[in-house]
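Read-outs throughout are calculated quantities, based only on the coordinates presented, and are distinct from any laboratory measurement. Just so it is clear, the model here is predicted, and its values are computed rather than measured. Glycine gets a Cβ as well: all are built from the backbone with ideal geometry, and neighbour counts include every protein chain shown.
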Amino acid sequence: MIVYLLRRVGQSLVALAAMAILVFVGVFAIGNPVDILINPEASQFEIAATTARLGLDKPLWEQFVVFVGHLFHGDLGTSFVYGRPAMDIILQRLPATMELALTALLLSVFIGVPLGVYAGLKPDSIGGRSVMAGSILGFSLPNFWQGMLLILIFAVLLGWLPAGGRGETVELLGIRVSFLTWDGLQHMVLPALNLALFKMSLVIRLTRSNTREVCLQEYIKFARAKGLSSSRIILVHILKNIMIPVVTILGLELGSMIAFAIVTETVFAWPGMGKLLIDSINLLDRPVIVAYLMLTVVIIVTINFVVDLLYSALDPRIRLSQVKS
């Protein structure tokens, strides 16, 4: 187990190092922030002074060495626009994104699993076919288009829910949250549903296929032969066996929901990390862009690391095969 753990830690560190190089080169090699940040009528002396103050007068390799040196001290740079540590600005927006992603994850589970089980138990019924057709729409329609459609229907035509913003927030353990206020909940419904639609479709299709497979197993036939009620067979024997792959997939997808909520946050003007990234790209605020990308890489690598450890704990064959390889 120790060998497997060391191997996985080494792989994670290599992945982080590779991503740090790619992110830095990709972001710092494009555009010149000074052209956006400084007055167009500024003199050459002022432009040169600003460039030197931001450290952009150094070669790219030297900027990367300085970046890595600061990285080991937990410093991902200072925002060109806000004049504050980039990580502080991102962490200030993190609770809003986490709140949205976790709500979307819960919607995916509590709506997707029952619909998937129903479609698996009644695959030839009109309801089952309708559920599968709806899941195809969830996969195929662009996320931003789904968001605009939700705004058009529920905010513009019906007027039931607000079209954007986070609404009223309250402080919980030093963090501003919106799910504890009625106004905040109303503002959260549409963006959370928009973010959940793709994952919900994934859960529906995964649950349906697993339900179909489990229903053909001998222990299900035996349970039916014993005269157990349908509800007991579904809740005890089917759900218990189909939830393991569903939970595994959702655990991995949570990282992507946090990292790639950009479109939803932009469409609904949700003040999370994704909207901050779009604003930073428009202003070429390089430290914030790099800090955001590095944070998402760390989140995804950490989640994959934890899932791999859980797999190895549950199935010793996995870690044995890794050690041999």
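Would you mind telling me which residue in G159, G69, G174 has the biggest mean-square fluctuation in a Gaussian network model of the chain, where springs connect alpha carbons within a distance under 10 angstrom?
G174
Among S12, S125, S209, which one shows the biggest mean-square fluctuation in a GNM of the chain, springs joining Cα atoms closer than 10 Å?
S125
If the elastic network links every pair of Cα atoms under 10 Å, which of I89, I38, I111 fluctuates the most in the Gaussian network model of the chain?
Looking only at I89, I38, I111, the biggest GNM fluctuation is shown by I38.
How high is the FRET efficiency from T51 to L91, r the C-beta distance, R0 22 Å, rounded to 0.05?
Efficiency, rounded to the nearest 0.05: 0.20.
Looking at the chain, how many pairs of lysines come closer than 21 Å at the Cα, when each pair is eight or more places apart or spans two chains?
The number of close lysine pairs in the chain is 6.
Using DSSP to call loops (not H, G, I, E or B), can you name the chymotrypsin sites (Phe, Trp or Tyr not before Pro) in region 131-182 whose Cβ has at most 12 other Cβ atoms within 10 angstrom? Working shown, then result.
On the way: sites: F139, F144, W145, F154, W160, F179, W182; in loops: W160, F179.
Here the chymotrypsin sites (Phe, Trp or Tyr not before Pro) that fit, given the DSSP loop and packing criteria, are W160.
Which residue, chosen from Q146, T264, T248, occupies the Cα position most advanced towards the positive end of the dipole of the chain, where the dipole is computed from +1 (Lys, Arg) and -1 (Asp, Glu) charges on Cβ about the Cα centre?
Toward the positive end, the furthest listed residue is T248.
Out of these labelled values of log10 I(q)/I(0) by the Debye sum over Cα atoms at q = 0.12 Å⁻¹, [x] -0.87; [y] -0.77; [z] -1.01, which was calculated from the coordinates shown here?
Entry [z].
What does the charge dipole of region 88-282 about its Cα centre add up to, to the nearest 20 debye, if the Cβ of each Lys and Arg holds +1 and the Cβ of each Asp and Glu holds -1?
Once rounded to the nearest 20, the dipole reads 960 debye.
For region 88-282, what is the convex hull (Cα atoms) projected area averaged across all directions, in square nanometres?
Working: hull surface 52.6 nm².
Result: a mean projected hull area of 13.1 nm².
Region 3-76: which chymotrypsin sites (Phe, Trp or Tyr not before Pro) are DSSP loop and have at most 14 other beta-carbon atoms within 10 angstrom?
Counting only loop positions with at most 14 other Cβ atoms within 10 Å, the chymotrypsin sites (Phe, Trp or Tyr not before Pro) in region 3-76 are F72.
Using DSSP to define loop residues, name the GluC sites (Glu not before Pro) in region 85-180 whose beta-carbon has at most 15 other beta-carbon atoms within 10 Å.
E168
For Q186 and I278, compute 0.36 nm times the residue count separating them, minus their Cα-Cα distance, and round to one decimal in nm.
Numbers: separation 92, 0.36 × 92 = 33.12 nm, distance 2.44 nm.
Here the answer is 30.7 nm.
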